[in-house]
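The values are calculated or read from the model by the stated rules, or taken from the named source; none is laboratory data. Bear in mind the structure is a predicted one, so any value in this text is a computation, not a measurement. Counting neighbours? That spans all protein chains shown, and the Cβs are built from the backbone with ideal geometry, glycine included. Note: accessible area is taken over every heavy atom of the protein model, side chains too, but ligands, DNA and RNA are not part of it. Shrake-Rupley method; radii C 1.70, N 1.55, O 1.52, S 1.80 Å.
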Amino acid sequence: MPTTTASTLKTYGPLQFPARSGLTLWQFSRAQRLGLIPGPDVAGDRWSAAVFDDAIARIDAIKEAVGALPDVGATRAEEHLAERFNLVVHAGTAAELARRGHLPVVGEHKGYPLYCGLALENFTDRRKVARASTAGQLHMRDAAARILGLRASDFDHLIRAGLLAHADTARSGWNKHDVVLLYRQADLDRIARSHRIDWDAVRATPQGHRSPLAALPTRKAATR
């Protein structure tokens, strides 16, 4: 285990500082983000012994302030929320909480967002989690079409017309090279309430017949 010691070096690098102060790398990074430890004050992205000693004098307060949960990806964030609140937390909940301003995105890992572990640790509103789980739940194309009571071809017309768009992607369980488009429950609920579409007529159209949605204009791709 790393130990906390008074300065024995003249300057400290980005690995030496946390190791010798007893902080993990994520604690050290968050302490800087929160302004508890200043940025490097010596050339070459290093910290002086004076800055190190000041941090050592406050190390217990720093550890308490940064919390016990590192920044995590969506899956771990959702597992944490499910366990904490004893709720069914669907995939897409973390993104929905972020969309609603309740869970900050503080970075990324391999192209995926990292959510603030401190915000997760301090989150207390069970109802917000439940609502985000319902609204943010993600569905593959065929499941999304069934939720709307549509044929796959009808659903594709909604996409073509720009009335519905995927909210996330995932890798296929059959072929990791294939990207699966995922649709958000709140977006499905929104389009289902649209008075622009005669849903009864669409749902009454039998297989093999032209969908009323075929008359929707195709949305033009945005140009730069």
(request) Any chance you could look up the accessible area of GLU121 with a 1.4 Å probe, heavy atoms only, rounded to 10 Å²? (result) 60
(request) Could you estimate the translational diffusion coefficient of the chain from the Stokes-Einstein equation, with Rh from the Kirkwood formula over C-alpha pairs, at 20 °C and 1.002 mPa s, in whole µm²/s? (result) 101
(message) Restricting to DSSP H runs of at least four residues, report the calculated mean residue ellipticity at 222 nm for the chain, -39500 (n - 2.57) per run over all residues, nearest 500 deg cm²/dmol.
(response) -12000 deg cm²/dmol
(request) Identify, among CYS116, GLY136, GLY162, the residue whose Cα sits farthest towards the positive end of the charge dipole of the chain, taking +1 on the Cβ of Lys and Arg and -1 on the Cβ of Asp and Glu, with the dipole about the Cα centre. (result) GLY162
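For segment 63-212, what does the accessible surface come to per residue with a 1.4 Å probe? Please give it in Å². Could you put the intermediate results ahead of the total?
Details: 8760 Å² over 150 residues.
Value returned for segment 63-212: 58 Å² of accessible area per residue.
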(request) In debye, nearest 20, what is the charge dipole magnitude of the chain about its Cα centre with +1 on Lys and Arg Cβ and -1 on Asp and Glu Cβ, if you could check? (result) 740
(request) Return the distance in nm (one decimal) between the two label points of a simple spin-label model at VAL88 and ARG127, each offset 7 Å from Cα along Cα→Cβ. (result) 2.2
(message) Can you report the principal axis dimensions of segment 21-78 using only the alpha carbons, biggest first, rounded to whole angstrom?
(response) 40, 25, 17
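Using a/c under 1.5 as the rounded threshold, could you call segment 94-148 rounded, prolate or oblate? The axes a ≥ b ≥ c are square roots of the C-alpha gyration tensor eigenvalues, and prolate needs a/b larger than b/c, oblate otherwise.
Verdict is oblate for segment 94-148.
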(request) Largest first and in whole Å, give the semi-axes of segment 24-118's equivalent ellipsoid, each being the square root of 5 times a Cα gyration tensor eigenvalue. (result) 31, 15, 9
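At 0.692 mPa s and 37 °C, plugging the Kirkwood radius over alpha-carbon pairs of segment 85-183 into Stokes-Einstein gives what diffusion coefficient in µm²/s? Spell out each step's value before the answer.
Working: Rh = 15.2 Å.
The Stokes-Einstein estimate is 216 µm²/s.
With the full set of protein chains in place, find how many percent of the accessible area of segment 106-224 is carbon and sulfur; take the probe as 1.4 Å. Numbers along the way, then the final one.
Details: 4020 of 7740 Å².
That fraction is 52 percent.
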